[in-house]
Amino acid sequence: MNRYLPLALLAFGILAFATLMLVIAPGVQIARHSVPPQLEPYTEQQARGRAQYVGLGCVYCHSQQPRSPDQAPDGERGWGRPAVAADYVYDQPHQLGTMRTGPDLLNVGARLPSEAWQLTHLYQPRAIFGWSVMPAYPFLFEIKPAAEPGDTVVVLPEAFAPEAGVVVARQEALDLTAYLLSLDRTYPAPADALRDEGYATMESGS
Amino acid sequence: MPLTIGLLLGLSFVVSVLALAFLIWAVATRQITMQKGDAATVFGAEGAGHPDVDGTHLFDTTGIDRISARPVLVLIAAAIFWLVVGSLFGVGASLKLHWPDWLTGSAPLTFGRMRTLHLNLVIYGWLSQVGIAGMMWILPRIFRTPLKMPGLPLAGAVIWNLTVAAGGWAIATGWTDGEEWLEIPWQLDILLALAGVFFVLPMIQTARKREVHHIYVTGWYFLGAMIWFPFLFIVANLPGIHYGVEEATTNWWFAHNVLGLWLTPLGVGTAYYFIPKIIGKPVYSYAVSLLGFWGLALFYSQVGIHHLIGGPVPTWVVTLSVVHSVMMFIPVIAVAVNQHVTVARNTWALKQSLPLRFIAFGALMYTFASFQGSIEALRSVNTITHFTHYTIGHAHLGAYAFVSIVMFGSVYHIMPRLLGREFAWPGLIRAHFWLVVLGFAIYFFALSIGGVLQGLAMLDATRPFAESVILMKPYLEARSIGGSMMTLGHILFALNFIGILLARPGTAAKPVVAE
Amino acid sequence: MTRKPTSSDHIVDEKFEPWERNGRMPLPVVWVAVALAIWGTGTLLTTSGGAPETAVEAAVQQDRPVDAPDSGAALFAANCATCHQPNGSGVRLAVPPLRGSEFPAQGPELVANVLLRGIDGPIRVDGHDYDGHMPSFSAAFGDAEIAELASYVAATFGDRDDGVDTATVADLRARAVGQGTWSGGEALAAAYPGLPPQPAFSSASVTPVSADVSALIFEGRDDVWACASCHGDLGQGVENTPRLSGLSADYIAKQLRDFQTGTRANEHMSFVAKGLTEADIAGLGAYYAGLSVPSTAAPILGGDLKRGETLALVGDWDLGVPACFSCHGPSGFGVAPNFPALSAQQAPYTASQLAAWAGGHRANSPLSLMDQISKGLSTDDRRAVADYLASLPAVPAGSTGAVAKEGDGHDL
């Protein structure tokens, strides 16, 4: 341990090996799986909305990876079937997330398919859920004295509506909503589904 | 399951375990150990193997320090600036989780961006810079060699800080790479990598041109970190090649290794240097420190996928990371033996040295954080804690209570020696210590208890999701209180730092003593 | 720890640089390392291999018909006996009998035709009139299964041993495309003149919706989202948003009023219900009660369908759980006004409601019946029964054309 080069080479080698195991090997295995036929690439508007989702940091509170019934009641909450690797082929950057300060969103487009609902919720989550801690996003909307043709007016109860005029969704809000509504992986999982089955193995006791 | 992958998996673990077994055997039979001759070159002809009671291991390093002083000072100053800014964003993000209608008017102040700013500013602005500063101070000393190319790190510091500022601006405006720990856009990451070269090159050059043959254990950690972090950073940031779930495994391979193979070696290496340095006694065992270092390299490098337990990734890679996470007990116990025993036998020094209080506390937190991490990676525990604030508490136990607090001690130790004068307000140091320790205790216990309750609520289908949100609120409020105390401590730290910078040159360097 | 400071116990040696002694490796460290290595190898061997049957695979398999080409008797027991009873006696006033019925006696081809298209309209069997709500099994069964089942039913209850082959069924299936459900006995009698006279079918059985209610359903209002925007254009539901079509008008109205008063808690629906008038509520109930839409539900929760079937048909008295069908009617098609239809309901919705009752978060069922029942069910049982109910065909059958139309729409 007194020579620099062997120390450096061994340290590098160990990390290279870890990279092989954690990055390259899973990458190769994942790439071998075919794309589910029902999974559509994002449209231009959905991709713009996805950029909003990424840029606003939604991932820090919302995961996009329902767990299996062996582990958690995600299915019963309407969050969808257990996610598999092939569900994410069009995702870049990935938004799997590690927090559920809010609910999982991988199938929010199936679970809450209403554009009007999503806009109300983005404008003021507490208009629907009094207990919610989600940020409000008023900067994605504008208040106009009256709606113009083509405007999408946000449905709001009186307590949350502006004193005068109407709340109209900006393009950013419409894009973000289009992305949220596109989140729908309710098609059946492919037969060669790839996911962590560690909990199923634990349950079956093998 | 493809046969090739099963084989690779088996191979991986067998290689790790065999390497470890070989190490234990080699150490036990003294195949690799510090030779008397090596020790003599380091410590002078008489010194090796004897307790240091007669000053044999004393060296005058002031000449060496003078060369590294400038880059170290610049890096520490910049790091403290980012610490304060990053902490303020952290407190802001924390407040927003229980005051969701506070500051909602503009996009840069939304929770998702403030939290991201907090993370990136403290990791890249504070921890990395102060860690590099520590390396630049310590490496020339343990190598008895003045820092080579001392101008490069100054250029590096300029580029690094401008890039961190630009990265912060990018995140605030929504321009992000969108993966946790990798938010700074890759275009800016090129500049960070360039600055990194400017930091690393002089230190590697110093190591290669060193005056002593022996490399003290701190040196292994620092040299390892300087190999690992650039590799991690470049592979994870390569644009365009990662997508979908493969990107997720790369993301967590990177994110956990930033902690394990960058911040941890910085913290452990710094503690390994300052604990014996301040106490004035050698560490307990060369063999144990070897086990600690190589165990860290072998096991920590493969733990990242425990962030995706139960997710859409192959079972084998998750299990691999779970097993390696638990194996982390080995190197952590090794480091604990070497560091805590030295401190426990010399508790008098904690009274005398304020920096040692920080560093010994931080080293203890390394043990706790790692044990907690190993337990947390078990599937049965993870199923409760995953997706909850418990994880946030754990991350702060590692990155804050361990690495940051060690770095506080390191700065308090270095500054008087670097400037040749003492801190103007030693009382502020004590206030800083108690604010961050108590603040962190509130922070940690609130999130850990709340996180477990949150996880249990989410696992119970008969309780609506709302319950998991509502029950967290008091714990999130407590977290804001703890976080504010920590931030107040940082502000005192910054004031004291400004104080010592502006003070008139006076008395010669003296260690910071408590009473 | 508190020993007397010695001469070396003070910080003076500013120039001391740290070094390592050659202390021995403590043996416990070695033991811990060996123990962990053994544990690690064991864990990797047991948990990294592919699990024999994973949850996803199980869920995938359950998307397909559960019973592979079985004998007619087995198919009958599994799919028909829940309503028509194992001996074909039917349920008085609710489900027409097969034993003694004129219909199977017309031959297996008629039976196959009914299985393929279902019946939605009044029907007279053995001198009694019934409100015919026969589901269509066209999507659930292949031609071979329909042939087996039709032959069995005609032979057992109609004394007709001639049987029907797969090719004939395929031909019938081809001709049934776009035909929709049989409009009661009258339509069948037109095709099979051997049948006795049948009650007249009234095409005006669906109450027309007012323009106001229609706008509410499809466009929403200033303070109410459109019903269809979440529940689908045909009220078919999705995930934990319930299927509404075919629920009784009284049941829907009661739920909406409960949402208004807070007796039933749901953030989305109390937001909506606050803005509804009594006239809206009556109109919505009538509209959704009148819809006949094929099932879009599927067993997606990975529940045990056999267990679910047992719970639905006979209950589990050890748990204090009666059969679902004892109150919700044969095959779970609902008993107005208090017992909603369960068949074809979205599985996550059923499971989440059972969970809500069990957790005390829904408490608006008559006599608190559901609270007690749900508390008896485990998580696995809730998933099992929800999945089983989702696998049942919708009653009334509805026409396949409707699904195609809705599939083209954006709001599925």
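Residues in the stretch A:155-170 that are β-branched (Val, Ile, Thr) and not in a loop (DSSP other than H, G, I, E, B): A:Val166, A:Val167, A:Val168.
Name the residues in the stretch B:301-320 that are under 12 Å from A:Thr19 (Cα atoms) and of a type outside the set (A, V, I, L, M), would you? The answer is B:Ser301, B:Gln302, B:Gly304.
Is at least one residue of the stretch C:215-224 of a type in the set (Lys, Arg) and crowded, with 17+ Cβ neighbours inside 10 Å?
Residues of the stretch C:215-224 of a type in the set (Lys, Arg): C:221.
Still in the list and also crowded, with 17+ Cβ neighbours inside 10 Å: none.
Within the stretch C:215-224, none of the residues are of a type in the set (Lys, Arg) and crowded, with 17+ Cβ neighbours inside 10 Å.
Say we look at the stretch C:329-350 and pick out the residues that are within 14 Å of chain A (Cβ to nearest Cβ) and of a type in the set (S, T, N, Q); which of these is surrounded by the fewest Cβ atoms within 10 Å (Cβ to Cβ)? It comes out as C:Gln346. Just name the residue that is farthest from A:Glu76 (Cα to Cα) out of those in the stretch C:351-375 that are hydroxyl-bearing (Ser, Thr, Tyr) and within 10 Å of chain B (Cβ to nearest Cβ). Of everything passing the filter in the stretch C:351-375, C:Ser374 is farthest from A:Glu76 (Cα to Cα).
Conditions (1) of a type in the set (D, E, K, R); (2) away from chain C (no Cβ under 12 Å); (3) in a helix (DSSP H, G or I), marked per residue:
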site	(1), (2), (3)
B:Met226	no, yes, yes
B:Pro230	no, yes, yes
B:Lys281	yes, no, no
B:Trp294	no, no, yes
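So that you can scan it fast, the table gives a plain yes or no per residue for (1) outside any helix (DSSP H, G or I); (2) free of Cβ contacts under 8 Å to residues at least 60 places away in the same chain; (3) buried (at least 21 other Cβ atoms within 10 Å of the Cβ):
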residue	(1), (2), (3)
B:His98	yes, no, no
B:Thr104	yes, yes, no
B:Thr116	no, no, yes
B:Leu121	no, yes, yes
B:Met203	no, no, yes
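Could you tell me which residue of the stretch A:1-42 is surrounded by the most Cβ atoms within 10 Å (Cβ to Cβ), considering only residues that are among the hydroxyl-bearing types (Ser, Thr, Tyr) and facing another protein chain (nearest Cβ under 8 Å)?
Taking the stretch A:1-42 first, the residues among the hydroxyl-bearing types (Ser, Thr, Tyr) are A:4, A:19, A:34, A:42.
Pick out the ones that are also facing another protein chain (nearest Cβ under 8 Å) and you get A:4, A:19.
Details: A:Tyr4: 14, A:Thr19: 21.
Looking at the filtered set, the residue picked out is A:Thr19.
For the stretch C:172-181, a residue qualifies if it is modelled with pLDDT of 85 or more and surrounded by 15 or more Cβ atoms within 10 Å (Cβ to Cβ), and the qualifying residues are C:Leu172, C:Arg173. Candidates are the residues of the stretch B:334-387 that are closer than 30 Å to B:Ser321 by Cβ and part of a loop (DSSP other than H, G, I, E, B); the one that is nearest to the chain's Cα centre (by Cα) is B:Ala377.
I'd like to know if the stretch C:362-374 contains one or more residues that are farther than 29 Å from C:Asp131 by Cα, within 17 Å of the chain's Cα centre (by Cα), buried (at least 22 other Cβ atoms within 10 Å of the Cβ) and not small (Gly, Ala, Ser). No: zero hits. Against the list (1) at pLDDT 90 or above; (2) touching a Ser or Thr at 6+ places or on another chain (Cβ under 9 Å); (3) assigned to a loop (DSSP other than H, G, I, E, B), the condition C:Pro337 fails is (1). Of C:Pro52, C:Pro65, all but one fail to be closer than 18 Å to C:Asp143 by Cα and modelled with pLDDT under 75; the exception is C:Pro65.
All of B:Tyr300, B:Tyr284 fail the test of being within 19 Å of the chain's Cα centre (by Cα) and among the hydroxyl-bearing types (Ser, Thr, Tyr), apart from B:Tyr300. Filtering the stretch A:154-165 to residues that are in contact (Cβ under 8 Å) with a residue 12 or more places away in the chain and surrounded by 18 or more Cβ atoms within 10 Å (Cβ to Cβ) leaves A:Val154, A:Val155, A:Leu156. Looking only at residues in the stretch B:408-450 that are of a type in the set (Val, Ile, Thr) and buried (at least 17 other Cβ atoms within 10 Å of the Cβ), the one that is nearest to the chain's Cα centre (by Cα) is B:Val411. Selection of the stretch B:441-463 for residues being free of Cβ contacts under 8 Å to residues at least 60 places away in the same chain and more than 14 Å from chain C (Cβ to nearest Cβ) yields B:Ala441, B:Ile442, B:Tyr443, B:Phe444, B:Phe445, B:Ala446, B:Leu447, B:Ser448, B:Ile449, B:Leu453. Would you say C:Asp223 is within 10 Å of chain A (Cβ to nearest Cβ), of a type in the set (Asp, Glu) and under 22 Å from A:Trp117 (Cβ atoms)? In short, yes. Of the residues making up the stretch A:59-75, at least one is crowded, with 16+ Cβ neighbours inside 10 Å and part of a helix (DSSP H, G or I). For the stretch B:198-214, filtered to residues that are closer than 12 Å to B:Gly151 by Cα and of a type outside the set (A, V, I, L, M), the residue that is nearest to the other protein chains (Cβ to nearest Cβ) is B:Pro202.
Screening A:Gln92 with (1) touching a residue at least 40 places away in the same chain (Cβ under 8 Å); (2) at the interface with chain B (Cβ under 7 Å from one of its Cβ atoms) gives one miss only, at (1). The residues of the stretch C:285-315 that are touching a helix residue (DSSP H, G or I) at 6+ places or on another chain (Cβ under 8 Å), over 30 Å from C:Val209 (Cα atoms) and part of a loop (DSSP other than H, G, I, E, B), listed by number, are C:Pro299, C:Ile300, C:Leu301, C:Gly302, C:Gly303, C:Asp304, C:Gly315.
Determine which member of the set A:Gln71, A:Gln45, A:Gln118 is within 15 Å of the chain's Cα centre (by Cα) and either of a type outside the set (Ser, Thr, Tyr) or more than 8 Å from chain B (Cβ to nearest Cβ) (or both).
Values: A:Gln71 fails: within 15 Å of the chain's Cα centre (by Cα); A:Gln45 fails: within 15 Å of the chain's Cα centre (by Cα).
Selected residue: A:Gln118, the only one of A:Gln71, A:Gln45, A:Gln118 that is within 15 Å of the chain's Cα centre (by Cα) and either of a type outside the set (Ser, Thr, Tyr) or more than 8 Å from chain B (Cβ to nearest Cβ) (or both).
Residue-wise test of (1) within 12 Å of chain A (Cβ to nearest Cβ); (2) of a type in the set (Phe, Trp, Tyr); (3) under 25 Å from C:Phe333 (Cα atoms).
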{"position": "C:Ala190", "(1), (2), (3)": "no, no, no"}
{"position": "C:Val209", "(1), (2), (3)": "no, no, yes"}
{"position": "C:Asp212", "(1), (2), (3)": "no, no, no"}
{"position": "C:Pro242", "(1), (2), (3)": "yes, no, yes"}
{"position": "C:Leu247", "(1), (2), (3)": "no, no, yes"}
{"position": "C:His268", "(1), (2), (3)": "yes, no, no"}
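Annotation note: of C:Asp161, C:Asp171, the sole residue that is without any contact (Cβ under 8 Å) to a residue 12 or more places away in the chain, farther than 20 Å from C:Gly121 by Cβ and not in a loop (DSSP other than H, G, I, E, B) is C:Asp171.
The values are calculated or read from the model by the stated rules, or taken from the named source; none is laboratory data. In this text, all values refer to a predicted model and were calculated from it rather than measured experimentally. Cβ atoms come from the backbone with ideal geometry, glycine included; neighbour counts cover every protein chain shown.
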